[in-house]
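The values are calculated or read from the model by the stated rules, or taken from the named source; none is laboratory data. These numbers come from a predicted model, not from an experiment. Reconstructed Cβ throughout: ideal geometry from the backbone, glycine too, with neighbour counts over all protein chains shown. To get the accessible areas, we keep the full protein, side chains included, count just its heavy atoms, and leave off ligands, DNA and RNA. Shrake-Rupley method; radii C 1.70, N 1.55, O 1.52, S 1.80 Å.
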Amino acid sequence: MYWYFTLWHDNGAVECIHDALRGRLREADSRDAKPSTGLIDSQSVRTADTVPAATRGFDTGKKAKGRKRFIVTDILGLLLAVHVVAARIQDRDDGKRPLPWTRLDHPTVRKVWADQGFAGRRIEWTAQILGRGLKAVRKAPAQQAQLMNAITSGSDSGTM
């Protein structure tokens, strides 16, 4: 099975299948097969101690030792781009990597929505270098309060 996966991955078949399925799902939802809007976010994921130290780190905000994945999805949550780094990497520092990939692989995506971690110079960079819009939005006050309560209580049930 792994032999087939590597063969199909290397010759681009996996990506073609994924793109075709995404297009069909979008059309089934009465949308254009090609997305025009994306959403980017990151998530820190705990890893085992057996994961090489060079590829993992500690996310002080989430208090998680492991890796961080940056994901760009379409409006339906269907995957467009992924980038995995050590958890210590901040959104503002390496969060731009999936944006050029999204532009290259999905040229119809003209605007990407993000949380405040992607604000600042990243918005200007996306406009100037990629010719795309990046819009950082704030959480609603109720979501901010819920998140603060979860952080102070030590629970992660309120994380987004």
- So the compactness index of region 48-142, its C-alpha Rg divided by 2.2 N^0.38 Å, takes the value 1.16
- One finds the C-alpha centres of region 91-133 and region 1-74 to be spaced, in Å, by 17
- Selection from Leu39, Gly61, Ala20, by position along the positive dipole direction of region 1-87 (Cβ): Gly61
- If you add up the charges near Pro35, with Lys and Arg at +1 and Asp and Glu at -1, over every other residue whose beta carbon is less than 9 angstrom from its beta carbon, what do you get? +2
- Expressed in square angstrom to the nearest 10, the accessible area of Thr60 with a 1.4 Å probe stands at 90
- Query: Based on the alpha-carbon gyration tensor of the chain and its eigenvalue square roots a ≥ b ≥ c, which shape applies: rounded if a/c is under 1.5, prolate if not and a/b is larger than b/c, or oblate?
  - Reply: oblate
- Note on the structure: Mean-square fluctuation maximum in Gaussian network of the chain, Cα pairs under 10 Å, restricted to Gly38, Gly77, Gly133, hits Gly77
- Query: Ignoring ligands, DNA and RNA, what percent of the accessible area of the chain is carbon or sulfur (1.4 Å)?
  - Reply: 56
- Message: So, for the chain, what is the accessible surface per residue at a probe of 1.4 Å, expressed in square angstrom?
- Response: 65
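Could you work out [θ]222 nm for the chain from helices alone, using -39500 (n - 2.57) per DSSP H run of at least four and dividing by all its residues? Round to the nearest 500 deg cm²/dmol.
Mean residue ellipticity, 222 nm, calculated: -10000 deg cm²/dmol.
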- Note on the structure: Looking only at lysines whose Cα falls under 25 Å of Lys68's and that sit 8 or more positions away or on another chain, we get Lys96, Lys111, Lys135, Lys139
- Task: Determine the order of Phe70, Phe58 by accessible area, beginning with the largest, at a probe radius of 1.4 Å.
- Result: Phe58, Phe70
